[in-house]
1. Quick one: what does P(r) look like for the stretch 58-99 with 5 Å bins over all Cα pairs, in whole %?
2. Rank by packing, highest mean first: peptides 70-77, 54-61, with packing defined as the count of other Cβ atoms within 10 Å averaged across residues.
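A short reminder: the numbers here are calculations on the coordinates, not readings from a lab. This structure is a prediction, so every number in the text was calculated from the model and none was measured. So basically every Cβ, Gly included, is an ideal-geometry build from the backbone, and we count neighbours across all protein chains shown.
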Amino acid sequence: MAEGPIASIIREKLSKALSPTHLQIEDDSARHAGHHHEGGMDAKPGGESHFNLTVVSAAFEGQARVTRQRTINALLADELAGPVHALSIRAMTPAEAPT
């Protein structure tokens with residue numbers, strides 16, 4: 001299945017800033033379809049509003065988990081202020097990533 005426009009933007013921003021050795025972007029919006037969220041956001045299948053991210057990057061070396069998540073949230077601030085309602089983030093160094 002082709003990546004949607006929001007997922008493509010996420011991939012481009014994270015790739016440019018973090019040079020990940022692995023980057024997985026899963027659109028999880030369909031699982032949240034019909035859920036009414038605060039602020040009137042209702043996830044729709046293919047709506048690109050909920051994502052699960054797995055990012056493996058040497059840029060995370062020496063950073064605490066919360067710092068890694070804040071880094072990703074800052075990189076995606078525009079998307080989080082608009083179409084993206086939720087991100088689940090797994091951010092690891094290459095040494096921490098499962099083989």
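1. Histogramming the stretch 58-99 at 5 Å steps yields 5, 23, 27, 20, 14, 9, 3 percent.
2. Answer by packing, highest mean first, reads 54-61, 70-77.
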